[in-house]
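A.B. asks: One structure follows; several queries about it will come next.
The values are calculated or read from the model by the stated rules, or taken from the named source; none is laboratory data. Keep in mind the model is a prediction, meaning the values are calculated, not measured. Here the Cβ is made from the backbone with ideal geometry for all residues, glycine too, and neighbour counts use every protein chain on show. Only protein heavy atoms, including side chains, enter the accessible area calculation; ligands, DNA and RNA are left aside. Shrake-Rupley method; radii C 1.70, N 1.55, O 1.52, S 1.80 Å.
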Amino acid sequence: MTWLADTLSATATTSPESTQQAIGYPTLFLLVLFGALVPVIPTGALVSSAAVVAFHQSAPFALALVFVTASLAAFLGDIALYWLGRRGMGSKNGSRWLEAIRARAPEERLTQAQERLADHGVTVLVLSRLVPAGRIPVMLACLLAEWPIRRFARGNAPACLAWAVTYQLIGILGGSLFPEPWEGVVAAVALTVVISAAPTVWRRVRGTTPA
């Protein structure tokens, strides 16, 4: 999870920051985009790590570029996945993308997402990216509700902006607490892992608590 930030930090000692940025931002964009399509990459940790490195750079607007890169990549990845899901919904045989979305949306989470989407609409979509493992069930709920892609995009845009800001702030916090970028990266990644794992741990604890 930290190899991107470690690479960025290491190149800073052997090459100008301009070269570091030329490598780092496209890499961040591609990884977040791919992570939105195939949700196995910890994209939140990537954004936090990139924010730590940017925090320690002298180049102006480094943090702003991380924010723009991450939010744009997340938005485009979500839109592409939603478009593929809609194609699967309209296909007689479905699609592997739609099946992948369904496989990552447990029935209980999907039911909750559908109920909240019916009650609160776009607000649920905006918040879905801030809730660990909340993006895919809400996206599937939107697909099942037959939301047009324009309506999904209007709600997803602020969701991606809020997501990028949140994980960038985690990175800035980690970068401000430690003098060395790698220390901040470790702290930021650890915090994102804790945040991501907390809901799962809480559900398991509730499930094992005696009535």
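A.B. asks: Using only the heavy atoms of the protein chains and a 1.4 Å probe, how would Val126, Val40 rank by accessible area, largest first?
C.D. replies: Val40, Val126
A.B. asks: So how exposed is Glu115, as accessible area in Å² (1.4 Å probe, rounded to 10)?
C.D. replies: Approximately 110 Å² of Glu115 is accessible to the 1.4 Å probe.
A.B. asks: Just by accessible area at a 1.4 angstrom probe, what is the order of His56, His120 from largest to smallest?
C.D. replies: The most accessible residue leads, giving His120, His56.
A.B. asks: So with the 1.4 Å probe, I'd like the accessible area per residue for segment 35-157, rounded to whole Å².
C.D. replies: Result: 49 Å² of accessible area for each residue.
A.B. asks: Full-extension gain between Met89 and Val165, please, as 0.36 nm times their residue separation minus the C-alpha to C-alpha distance.
C.D. replies: Full-extension gain reported as 24.1 nm.
A.B. asks: Here is a further query. Order the following by accessible area, largest value first: Asp78, Asp119. Probe radius 1.4 Å; ligands, DNA and RNA are ignored.
C.D. replies: Largest accessible area first, the residues go Asp119, Asp78.
A.B. asks: Just grab the label-to-label distance for Leu72 and Thr111, each label 7 Å out from Cα along the Cβ direction, in nm (one decimal).
C.D. replies: My value for the distance between the label points is 4.3 nm.
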